[in-house]
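Everything below concerns the one structure shown next.
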């Protein structure tokens, strides 16, 4: 089994470095990063001392250092399924194609991909089918699972699909370290701060018997008294109309928090502690993702909300990273070719222009 500090990884679509922190905490050393967003690049530099390279379509895979693990929180795009291969060739024109070309060129022992859980159903299931087949055609054993941040010591109900491709045996999600402790909103709150409160007339807390306690751990307890459409609203259901949109909802701190969205730039995360209703602070949002308090936040507030909404649950990814090491997937020396479809021999990788 490898010791800490003995494997190298690259951080593609790096965002603000959530995956990097997770893999460094598992003993890895990051040797390359790529992120096109300039605000994220500045945050990344403030915390890691390096500016990620930009547009992945302009990066020549041959210029990337050798590495054991390729990681990527890649964007979800529809793939063409007009071809019969349903593999590499059908990814052309998408950013995922460039990940695959790096994999083909550098041949990492493990590939880790992270995305929203809806990737499973994206484009009627064709997208996930193409991703899995593409990796198999390049000689990898592939497994995937939808995991939830709340099961890994975080106070957020955030489901994400994790795909692990290995040259060795298939990654076994059942062997991942378990996290039995439950963490709730109240556990990550700051004791002091410049909190933004709602005035009593601006919200309604329901009678506790009407609180909705969900399997996910969320406890919906009230709503903001924002003006809403009145026509067609049935008697005694006005609170349901008010909470049709997430920004109006209020959650009790004894439960978990809903998924922090990537589209929100003003913050919409309202909590109730039994006395008052206030918005989560930026620091609390970062804690919901597992970021340490010493993490430097250098962007404007609106940009920070967007950055954290686009990031990854660090505890979850860290558990996967540790299990990759523990399952000895980094000990593979050669590609396991016994399962590769005959079709892969017919692949024709055309040359790409990397702006050279």
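We did not get these values from a lab; they are worked out from the coordinates using the rules stated. Since we're looking at a predicted model, the values are computed, not measured. Heads up, the Cβs are rebuilt from the backbone with ideal geometry, glycines too, and the neighbour counts pull from every protein chain shown.
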FRET efficiency (residue 36, residue 63; Cβ distance; R0 22 Å; to 0.05) is 0.85
Check: C-alpha center segment 1-76 vs C-alpha center segment 165-199, spacing in Å is 21 Å
Between residue 300 and residue 105, the two model label points (7 Å from Cα along the beta-carbon direction) sit apart by a distance in nm of 3.6 nm
One finds the C-alpha centres of segment 248-317 and segment 102-141 to be spaced, in Å, by 29 Å
Output ordering of 293-306, 190-203 (per-residue mean of other Cβ within 10 Å, highest first) is 293-306, 190-203
Averaged over all viewing directions, the convex hull of the alpha carbons in segment 249-322 casts a projected area in nm² of 5.7 nm²
